[in-house]
Amino acid sequence: MKQLIYTLSLLAISQAALAVTPIDRDEVPIDSLETRQLEEVQVYAQTPLVKEANELWRVPGGVTMITPTVMREFHLQNMTDLTALVPGLYIPDYGSGYNAPIYYRGIGSRSGSSAASLYIDGVPTLTQTLKKDILDAASIRVMSASQSSTYGRNSMAGNIHVRTVSPFEKQGLEVLLRGGSYMTGRGQAIYRTLLSPEWGVTVGGYVQYLGGYFTNQYDGKKSDRSLTGGGTIRSEWRRGAHSLILSANADGVDQGAFPYAPKDPETGKVMAPNINRPGTYKRFSTQERISYTYAGDEADLHLTGGVEYLHGKIHMDQDYSPADVFSVNQREKQLATTLELALKSKGEGRFHWTTGLSAFYLHSDHLSPVEIYPDGLQKLVQPQLNRAMAMMAKRGIKMPGKLLADTEMALNNNQSWKKDCGVAAYVEGSIADFVIPHLTLTAGLRVDLEHQGFDYDSDFASKVIMEMNRGGKTMRMPQPIGGRVKDHGSQTFLVALPKLALSYDLTDDFNAFITVSRGYKTGGYSDQVMTQTAMQAAFASLMPKPGAKPGRPAPIDLDNLPIVPSDPKSAAYEPEYGINYEVGFRARLFENRLLLTTTVFDTRISNQQITRFVTTSAGRYVDNAGRSRSTGVEVTTAWQILPGLRASASYGYAASKFEVWHASVTSPTGEKKKVDMAGNFVPYMPQNTASALLSYHKGLDHRVLKAVHASVEYSGVGPIYRDPENTVREDFYSLLGARAGVQLGLVDVTLWGRNLLNTEYHPFYFSFFGQDLFQKGAPLTLGVDLSISL
């Protein structure tokens, strides 16, 4: 069966993104301007901006352009592949297609709100779909520093914008077939055509299979095999000053997931997963987008909207071991809608402006029943029973015996509903030749109003054993315990997000800038806190009620658990705010053959969001820890050394440290402890990111052999501290890849390799009941691509 799926994945004809299809570079004469100019310079010129008053080259802040060449050479397929290609950007693969957090410039958290916003063709993406394939991408623009004054919520560290290929730009059929080690297979195709001079259409899809890297010791099967597929369709109409784009994407995922394992105490190496209930993740998601533009004489009008749907299923063995402790079957549905209106001035005058309105709605349903098995009852319930007996003894309540955890399974049902909606308005203007020639002043302000609703229903039911000694005989009497919490909470945020910047054009090819801006990551609710609250209510039911016989808890009906008071505020966390100071420059040198950008930044963060583990279960919650500061530098360069030979490199350094941690941190159990972590590195943030690419392409005047090409690519990340206490650290690691191929007429054959040094690295770490667990990164992988352009 696996061989059949593998073969089908190689033969399937579906979507071909530009990142992996050949570019007919040999069609351009070798001494033409376009082969001597950098691709990045061309993409800068071709990328329009809607929400910014300035053109892209003069935007006062860091900008990184990911071109088709870079996407192809680095095998860029989804957002996690952007790690280190953009200086300071880290999007780790956490072991499933569920989601991926964004860490950028020392800003971000493992759970909670995103550090950077994601737009596709001008439409924001709100659902958890960062692990979707990037279909038919023409370029990716990453704007660093706070972009909240224009893009609003969750743009505190930057904005990522994916632009897909228009059928007016390129027509024809592109096909890719890929095969590689670990039963890697991919088939994709895309077809673009003009049905008339005013109407173009794109249609395509893909299917991909991975046999798996890691074998589960428990059953001998692969822990991370995956089958994914999806498609895209786009209809674009242009007439005079009007243009209209209707597009849609859909994708599905069926994969083994969460291949976590501890380290071998003797070798220090991460062992193979050993899990008695292997994890899985399944997802179906869609996104529909509409974009209308009217190019007026004085201003351009842009109207965009989108609808997203996601349905995901997770089965996870939460103890990640052969023991019977926990497992969860999570079901999640998300529905999101967005609408944005932007108006941007035109003309050659000194003053330029842009303004707009936006609105969004996001609804999420979560259902996550947790099954707690006998080993888990000993780990989780017995310590609670011991505390309950100690508390009753302290109160003078005499127990007829001791309490023991049951040996049968317990069930913890959790359901929550979240509704998030908001509106915003923004304006930005720039004045050229401000005070002195070539100096431009840019000022902007955005006001966001957001309301969140949170409904939850969580219960915990089990039995405890009352063990008594009567007449020399041991008696064991079962006693049901249980509790249920059900309530509604809400919170509202009103945020003003200003920006002020100066930029100076020393020449047409040298621009320097300084910027001050405010950003924010929105707050929210950690629904797993309610699991802990329900368990506390269950253990509280052990306490004798007034008038009851001493040592005898009140009877509990497990089929009709009593609802106990709870506080939704205990699950809430506040927005994170940041003030960003930035200075830098960008330069085009040697007739646009060399591009250099340098930025220095300092971000002051308040209400720092930190992910913490619930103290008596496997759940997580987000806490506002205090203040932090992230300082660093970023450098990017690209160089067209010779016709056909180009090099690019990027480096980012970010030191993100706590300045003030709350003197008292309260866990969901109500326990308080004094901590002082000032000076510690904020967890999960890499201090260094680096990447480099050297590529060569030579067009040949031959009847069959049209071109040869080769490239070598490098990326490095680290060190990364994995916990707020800075006790676990991932050292800096490097990954090396290479590609080499030939173009035979319309067919391109390329051999490729990734992680050529077979570096062992760990994208993910966490601690579960005192055990450190890691996820290994993908090992050395080799393969071949066969691509055809017609």
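Hey, does segment 312-323 have a residue that's closer than 30 Å to GLN415 by Cβ and touching a Cys at 6+ places or on another chain (Cβ under 8 Å)?
No.
Anything in segment 624-637 that is among the acidic types (Asp, Glu) and surrounded by fewer than 23 Cβ atoms within 10 Å (Cβ to Cβ)? List them, or say none.
none
So for segment 678-694 (the condition being in a strand (DSSP E or B) and either over 28 Å from ALA655 (Cα atoms) or modelled with pLDDT under 90 (or both)), does at least one residue qualify? Outline the logic, then answer.
First, the residues of segment 678-694 that are in a strand (DSSP E or B): 681, 686-694.
If we keep only those that are either over 28 Å from ALA655 (Cα atoms) or modelled with pLDDT under 90 (or both) as well, we get 694.
Checked segment 678-694: at least one residue is in a strand (DSSP E or B) and either over 28 Å from ALA655 (Cα atoms) or modelled with pLDDT under 90 (or both).
Residues being surrounded by 24 or more Cβ atoms within 10 Å (Cβ to Cβ) and of a type in the set (Ser, Thr, Tyr): count how many of those fall in segment 97-113.
Of the residues in that region, 3 qualify.
For segment 344-358, give me each residue that is out of contact with any Phe, Trp or Tyr (no Cβ under 6 Å at 6 or more places or on another chain), part of a strand (DSSP E or B) and farther than 25 Å from GLU308 by Cβ.
LYS344, PHE351, HIS352, TRP353, THR354, THR355 - these are the residues of segment 344-358 that are out of contact with any Phe, Trp or Tyr (no Cβ under 6 Å at 6 or more places or on another chain), part of a strand (DSSP E or B) and farther than 25 Å from GLU308 by Cβ.
Within segment 307-328, is there a residue that is assigned to a strand (DSSP E or B), at pLDDT below 90 and not aliphatic (A, V, I, L, M)?
yes
Look at segment 763-787 and say how many of its residues are crowded, with 18+ Cβ neighbours inside 10 Å and assigned to a strand (DSSP E or B).
So the answer is 11.
From the residues in segment 491-544 that are surrounded by fewer than 17 Cβ atoms within 10 Å (Cβ to Cβ) and under 30 Å from LEU403 (Cα atoms), which one is nearest to the chain's Cα centre (by Cα)?
Residue satisfying both the conditions and the ranking: ALA540.
Just one of THR267, THR286, THR338 is among the hydroxyl-bearing types (Ser, Thr, Tyr), outside any strand (DSSP E or B) and surrounded by fewer than 22 Cβ atoms within 10 Å (Cβ to Cβ); which is it?
Among THR267, THR286, THR338, only THR267 is among the hydroxyl-bearing types (Ser, Thr, Tyr), outside any strand (DSSP E or B) and surrounded by fewer than 22 Cβ atoms within 10 Å (Cβ to Cβ).
Any residue at all in segment 778-789 that is touching a His at 6+ places or on another chain (Cβ under 8 Å) and over 26 Å from THR631 (Cα atoms)? I'd like the intermediate steps shown before the answer.
At the first step, the residues of segment 778-789 found to be touching a His at 6+ places or on another chain (Cβ under 8 Å) are none.
The answer is no, given that none of the residues of segment 778-789 is touching a His at 6+ places or on another chain (Cβ under 8 Å) and over 26 Å from THR631 (Cα atoms).
Restricting to segment 214-235, what's the tally of residues that are touching a Pro at 6+ places or on another chain (Cβ under 6 Å) and under 30 Å from THR164 (Cβ atoms)?
Step one: of segment 214-235, the residues touching a Pro at 6+ places or on another chain (Cβ under 6 Å) are 214, 216, 218, 223-224.
Applying the additional criterion that residues be under 30 Å from THR164 (Cβ atoms) yields 224.
Residues that pass the stated criteria total 1.
Could you tell me which numbered condition ILE556 fails, if it satisfies all but one of (1) modelled with pLDDT under 75; (2) surrounded by 17 or more Cβ atoms within 10 Å (Cβ to Cβ); (3) within 40 Å of the chain's Cα centre (by Cα)?
With (1) modelled with pLDDT under 75; (2) surrounded by 17 or more Cβ atoms within 10 Å (Cβ to Cβ); (3) within 40 Å of the chain's Cα centre (by Cα) applied to ILE556, the lone miss is (3).
State which residue is nearest to the chain's Cα centre (by Cα) when the search covers only segment 431-490 and only residues that are of a type in the set (S, T, N, Q) and surrounded by 15 or more Cβ atoms within 10 Å (Cβ to Cβ).
Among residues in segment 431-490 that are of a type in the set (S, T, N, Q) and surrounded by 15 or more Cβ atoms within 10 Å (Cβ to Cβ), the one nearest to the chain's Cα centre (by Cα) is GLN452.
Among the candidates VAL175, VAL207, VAL203, single out the residue that is touching a helix residue (DSSP H, G or I) at 6+ places or on another chain (Cβ under 6 Å), under 23 Å from VAL747 (Cβ atoms), assigned to a strand (DSSP E or B) and touching a residue at least 24 places away in the same chain (Cβ under 8 Å).
VAL207
When you check GLY679 against the structure, is it without any contact (Cβ under 8 Å) to a residue 40 or more places away in the chain and farther than 30 Å from TRP639 by Cβ, yes or no?
yes
State whether one or more residues within segment 125-137 are more than 15 Å from the chain's Cα centre (by Cα) and surrounded by fewer than 22 Cβ atoms within 10 Å (Cβ to Cβ).
Within segment 125-137, one or more residues are more than 15 Å from the chain's Cα centre (by Cα) and surrounded by fewer than 22 Cβ atoms within 10 Å (Cβ to Cβ).
Of all residues being more than 19 Å from ALA538 (Cβ to Cβ) and over 22 Å from the mean Cα position of the chain (by Cα) in segment 569-579, which is surrounded by the fewest Cβ atoms within 10 Å (Cβ to Cβ)? Just the residue, please.
So the residue we want is LYS569.
Do you know which of the residues in segment 359-379 that are within 30 Å of PHE769 (Cβ to Cβ) and assigned to a strand (DSSP E or B) is farthest from the chain's Cα centre (by Cα)?
Among residues in segment 359-379 that are within 30 Å of PHE769 (Cβ to Cβ) and assigned to a strand (DSSP E or B), the one farthest from the chain's Cα centre (by Cα) is ILE372.
Looking only at segment 729-743, which residues are closer than 12 Å to ARG754 by Cα and surrounded by fewer than 19 Cβ atoms within 10 Å (Cβ to Cβ)?
To start, the set of residues in segment 729-743 that are closer than 12 Å to ARG754 by Cα comprises 734-739.
Of everything in segment 729-743, those that are closer than 12 Å to ARG754 by Cα and surrounded by fewer than 19 Cβ atoms within 10 Å (Cβ to Cβ) turn out to be SER734, LEU736, ALA738.
Would you say GLU34 is of a type in the set (D, E, K, R), modelled with pLDDT under 80 and either assigned to a loop (DSSP other than H, G, I, E, B) or buried (at least 24 other Cβ atoms within 10 Å of the Cβ) (or both)?
No.
The values are calculated or read from the model by the stated rules, or taken from the named source; none is laboratory data. Note that the structure is predicted; figures quoted are calculated from it, not measured. Glycine also receives a Cβ, built like all others from the backbone with ideal geometry; neighbour counts cover every protein chain displayed.
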